[in-house]
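To keep things clear, I will list the structure first and then write my remarks on it.
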Amino acid sequence: ASVAMQTYAQRAAKQTNPAARALLETIERKRTNLCVSVDVTKQADFLRIIDTVGPYICLVKTHVDVIEDFDSSVIDRLQELSAKHDFLIFEDRKFADIGNTVALQYSSGVYKIASWSHITNAHPVPGPSIISGLSSVGVPLGRGLLLLAEMSTKGSLATGSYTEEAVRMARANRDFVIGFIAQHRMDGVGLREDESSPDEDFLVLTPGVGLDAKGDAMGQQYRTPREVVLESGCDVIIVGRGVYGKDNAADPDAVRVQAERYRAEGWKAYQERVGI
Ligand code: 5FU
């Protein structure tokens, strides 16, 4: 069966990258393909939202550089919540520089991302050297990398041959590149006429997911969990404001209700896709 028709458990068993395997196992164990993106600027709001949504997610997505009162205790608390609720951590850093620079940005500085984030991501724009730089830090730690093959925003330039080249770069670096940030499955994308379809399983994690809005005032575009998981074959739905709202201090009961709702929608679309 094509990868899109296999269960998360079947796919977990075949993964060799530790982060990819752990993510698929977590999805299966908790029966959730929901990743919540927590883009708030106060550490108290950040940690409270994560503690609230923790039971309903496989993964939390962070932009730690937006936290105004950041200090290293935020990471300690985040790791405690990851253990308490059984989810993985994805820092959405979107690296985009030369290999030497991204290796430093990934390992060092204020955030030391590689030391706590199971998964991070990079723009393919610099070419394969960005993967060499990041993998020199991430592979020894058992981390996984997603390449940004497509974006959710209006007018995105990541289309066509750019997307195809991103998939080729991933294929050449299977030890570290576990999949894509994209809007569709990427199976077989970018294969040349003389290349046969490889037996490959890239994870597709998809932002730009919302049930109540079509977009925001700054170019974001939303599709539903059903469109993303069932129609486009993506594996994980990434939801931010759809879960925690516009008010960062949102009432935990309201946040919980939305997390449960997106978890249920994402799982139902998956069950329908694989026929279980
Ligand atoms: F790569 C991408 C993309 O193509 N679209 C995105 O929206 C990343 N994102 C991130 O997902 C963005 O940086 C936000 O952190 C999150 C979406 O948040 P929202 O509140 O659900 O719109």
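The values are calculated or read from the model by the stated rules, or taken from the named source; none is laboratory data. Only a predicted model underlies this, so the values are computations on that prediction, with no experimental measurement involved. Cβ atoms come from the backbone with ideal geometry, glycine included; neighbour counts cover every protein chain shown.
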| request: Considering only segment 20-54, state which residues are out of contact with any Leu (no Cβ under 7 Å at 6 or more places or on another chain), in contact (Cβ under 8 Å) with a residue 60 or more places away in the chain and in a helix (DSSP H, G or I). | output: Leu24, Ile27, Asp45, Arg48, Ile49, Thr52, Val53
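Conditions tested, residue by residue: (1) loosely packed, with under 15 Cβ neighbours inside 10 Å; (2) within 13 Å of the ligand (Cβ to nearest atom); (3) at pLDDT 95 or above; (4) over 19 Å from Gly142 (Cβ atoms).
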position	(1), (2), (3), (4)
Tyr8	no, no, yes, yes
Lys30	no, no, yes, yes
Val36	no, yes, yes, yes
Gln43	no, no, yes, yes
Val64	no, yes, yes, yes
Ser72	yes, no, yes, yes
Glu91	no, yes, yes, no
Phe95	no, yes, yes, no
| query | In this structure, does Tyr162 turn out to be within 16 Å of the ligand (Cβ to nearest atom), aromatic (Phe, Trp, Tyr) and closer than 28 Å to Lys42 by Cα? | reply | no
| request: Output the residues belonging to segment 197-240 that are near the ligand (Cβ under 10 Å from one of its atoms), free of Cβ contacts under 8 Å to residues at least 60 places away in the same chain and under 22 Å from Thr41 (Cα atoms). | output: Gly208, Val209, Gly210, Asp216, Met218
| Which of the residues belonging to segment 113-159 are within 16 Å of the ligand (Cβ to nearest atom), outside any loop (DSSP other than H, G, I, E, B) and out of contact with any strand residue (DSSP E or B) (no Cβ under 6 Å at 6 or more places or on another chain)? | none
| task | Assess whether Arg185 counts as being touching a strand residue (DSSP E or B) at 6+ places or on another chain (Cβ under 6 Å), on the phi < 0 side of the Ramachandran plot and outside any strand (DSSP E or B). | result | yes
| field | Selected residue (only one of Met151, Met169 is closer than 26 Å to Gly133 by Cβ, under 13 Å from the mean Cα position of the chain (by Cα) and surrounded by 15 or more Cβ atoms within 10 Å (Cβ to Cβ)) | value | Met151
